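The values are calculated or read from the model by the stated rules, or taken from the named source; none is laboratory data. Keep in mind it's a predicted model, so treat the numbers as computed, not measured. No Cβ is skipped: glycine too gets one built from the backbone with ideal geometry, and neighbour counts run over all protein chains shown.
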Amino acid sequence: MPDNPFRRTEPRPVPPVAASASEKTIPLVINGKSFFHNGDPDMPLLWYLRDVLRLTGAKFGCGIGACGACTVLIDGKAEPACLLPVKALAHREILTIEGLAGKDALHPLQEAWIAEDAVGCGYCQTGQIMAAAALLARKPHPDDADIDALPNLCRCGTYPRIRAAIVRAANAPVEAKQ
Ligand code: FES
Ligand code: FES
């Protein structure tokens, strides 16, 4: 089976905020960089990303795992960061929108989002892109039903443009996905 060109795993580096480890430290790997959480182990990942690391791409919407505004990838799978305590994420590969682009180029989904003018108010869109990235990683050429099955909500109703952007990214030249 050929390599899936959407499985880009070279995240943009984010400077670590702590470098010392203690017995209670939770080691986290976020966008390819190591972090060490010494605070409340039950802190939701979304809080850690936004309030500690200042990675504000993932958004708070519902806080109950229903809207998808906080979607990040955990070991390549789309998950709601609002529901995940950091204690459950030691050594897992966490990818946020800030780490999605390649070193020298946007991810094909980001290019497609721009080309299709997919954004309304923008609030849900980072979650939409991360959910689409997980979809394309497991199914490089999804059909409409696959795309419509994505659970992320958009109050601006940009679903047709999101679908067009995902299709555009899926059909992008292979070199654009590398
Ligand atoms: S804020 Fe996490 S799913 Fe809505
Ligand atoms: S673009 Fe406004 S909520 Fe989706």
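Of everything in region 25-69 that is touching a Gly at 6+ places or on another chain (Cβ under 6 Å) and within 16 Å of ligand 1 (Cβ to nearest atom), the residue that is farthest from residue 125 (Cα to Cα) is 67. Filtered by the rule that a residue be closer than 18 Å to residue 40 by Cα and not in a loop (DSSP other than H, G, I, E, B), region 52-106 gives 52, 85, 86, 87, 88. Keeping to region 119-140, report how many residues are farther than 16 Å from residue 108 by Cβ, near ligand 2 (Cβ under 6 Å from one of its atoms) and crowded, with 21+ Cβ neighbours inside 10 Å. Looking only at that region, the number is 1. Return yes when residue 69 is at pLDDT 95 or above and either within 17 Å of residue 32 (Cβ to Cβ) or assigned by TED's automatic domain parsing to the domain that holds residue 36 (or both) and no when it is not. Yes: the conditions hold for residue 69. Selection of region 28-38 for residues being over 18 Å from the mean Cα position of the chain (by Cα) and exposed (fewer than 14 other Cβ atoms within 10 Å of the Cβ) yields only 38.
Of all residues in region 45-67, those being buried (at least 18 other Cβ atoms within 10 Å of the Cβ) and touching a Leu at 6+ places or on another chain (Cβ under 6 Å) number 5.
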